[in-house]
Amino acid sequence: MIPELDTEKELHAADIEQVGRRLVQLACAQTGATNGAVFLSDTKSKGLSVDFHVVAGVVVTLPGTGSIIRPRNDGRPNGIALTCFLTNTPYVCNDTSKDPNYARYFLDVGAVLAVPIPWQGKALGVLTVATTASNAFGDEHVRTLEAIAAASARFLRRAQLARATLDTGRPFVIKGLSPAWLEVERKVEQVSSTDAPVLVTGESGTGKDLVSRSIHFNSKRSAKPYVTVNCAAIPETLLESVLFGHVKGAFTGATSNKVGEFQKADGGTLFLDELGELPLMLQAKVLRAIEQGEVSPVGSNDAPLRVDVRLVCATNRNLAQMVREGRFRDDLYFRVSVITVELPPLRTYKDNLEILAQVFLQQAARKHGRRVDAISREAMALLQAHDFPGNVRELKNALEHAVILASTQEVRPEDLPKSMRPALVSGAPALVAKTGKDDVLPLETMREQWLAPLERQYLQDLLRRTNGQITAAAKLAGVNRVTFYRLMERHGLRLARMPI
């Protein structure tokens, strides 16, 4: 059996070097190799980038373009890693002195094993190990390295996307790692390369704008404009002009020609946010723009303008219900929902809340130049007890609020917004009595009194999630049935009285 990567908490930061370091360590340990490297595809340079390389335990960094390996045309060998990548098959070289594809980069080695890192039917990159001895690798080593490469693929892809989008101001940071979010990522990867319209649905704050931007970034239109229109933020009387433009004199106040957002997005992606707020009178015109690629500015008598736009829409409304009620055109609905990506609310994957919170903590600390790098156990307990009606956006804003107010390098309960610390706002015991030092409660007493409401809420949430199954709830909590029953007894919980 291959030991699992110490995945979620270790790799949550989506940092190429962290992922690469752990991956090479594991690959070397499992194959007995002394050297290892991670290569990732680089679409801009049409080659492989050496993202992490360890030689005899030392991390090797290549300067500038030296870290890019491209196919050669001078008769010299491409190298085993590039050959493995181009053929998308494992490559075993047990005697480098006789291998025509071996290229010496750092030091002579006796044997090299390379396997592709698989992602959606093609190679995302290559994982290699090497030793100074010859005849070091057999079929078992190939299977081992393939298993490690396959297990690491999703983390490397996350890291690759995070690095590539870092300078856009809206980095690709979908890091829930829950099954629902993995399905979101899978769909995003699959639909991005097409021109099909995409409908992104989900509650407010679940990340619809982020997903829409990631679809554009990963598409062949990424170098072209990405234009956003919020249908709910523009008055109905102006929305047609915003979308399609107008000519001078089309209406009172139209003192010059205006280019519409469909034209601005020509060749790129138009993101229509809050699509459910689009007036019925405009829906037919939007449909024509999608299906025929034609737009007519308000007041224009000229032939329609041709546009090439990929449409991505988002809504927190039930469009299917709106169609049944006659408030949304069925033909437009079926057209924009060729592919539907449904985003899960945060409450459905709160098991990963600690990972998400740490990510947003790092982002906020970097943004505001604050040295805050940890969340206290008590603050995390408050976050876990909160329902997050505002979803990921609420969590992100809460951590930014906490980073700004934090007086230490650790986020404490008092640094969080008031809505997330009810125990401190009302009904909580005073932290220090005002009458003097003799009235100060011991730390253990205070901790028990303060955390008791949170622990009770935690137990209730587990019981709701497992439909009152004690064994299942205890397993999720990481305790045995007896301990779980004792915790219920301590907090006065009875299944018959549990609010469902």
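The values are calculated or read from the model by the stated rules, or taken from the named source; none is laboratory data. As the structure is a computational prediction, the values presented were derived from the model and not from experiment. Note that each Cβ is placed from the backbone with ideal geometry, even for glycine, and that neighbours are counted across all protein chains shown.
What the table below lists for this structure:
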quantity: Residue within the stretch 362-371 that is small (Gly, Ala, Ser) and modelled with pLDDT under 90 present; calculated: no
quantity: Residue among MET322, MET281 that alone is more than 29 Å from ALA180 (Cβ to Cβ), among the hydrophobic types (A, V, I, L, M, F, W, C) and assigned to a helix (DSSP H, G or I); calculated: MET281
quantity: Output for the stretch 275-328, where each listed residue is charged (D, E, K, R) and without any contact (Cβ under 8 Å) to a residue 60 or more places away in the chain; calculated: GLU277, LYS285, ARG288, GLU291, GLU294, ASP302, ARG306, ASP308, ARG317, ARG324, GLU325, ARG327
quantity: Candidates ARG186, ARG154, filtered to the one that is modelled with pLDDT under 90, surrounded by 16 or more Cβ atoms within 10 Å (Cβ to Cβ) and outside the structural domain of GLY390 (by TED's automatic domain parsing); calculated: ARG154
quantity: Identity of the residue in the stretch 48-90, small (Gly, Ala, Ser) and modelled with pLDDT of 65 or more, that ends up surrounded by the most Cβ atoms within 10 Å (Cβ to Cβ); calculated: ALA81
quantity: Candidate set from the stretch 229-270 (those that are touching a strand residue (DSSP E or B) at 6+ places or on another chain (Cβ under 7 Å) and charged (D, E, K, R)); member that is surrounded by the fewest Cβ atoms within 10 Å (Cβ to Cβ); calculated: LYS264
quantity: Selection count where residues are of a type in the set (Gly, Ala, Ser), at pLDDT 85 or above and crowded, with 17+ Cβ neighbours inside 10 Å, scope the stretch 1-40; calculated: 4
quantity: Inter-residue pairs, beta-carbon under 6 Å, first in a loop (DSSP other than H, G, I, E, B) and in the stretch 205-218, second basic (Lys, Arg), 6+ apart; calculated: GLY205/ARG393
quantity: Selection status of SER300, more than 19 Å from the chain's Cα centre (by Cα) and farther than 23 Å from LEU238 by Cα; calculated: no
quantity: Options ASP195, ASP209: the member that is touching a Lys or Arg at 6+ places or on another chain (Cβ under 6 Å), surrounded by fewer than 19 Cβ atoms within 10 Å (Cβ to Cβ) and farther than 17 Å from LYS264 by Cβ; calculated: ASP195
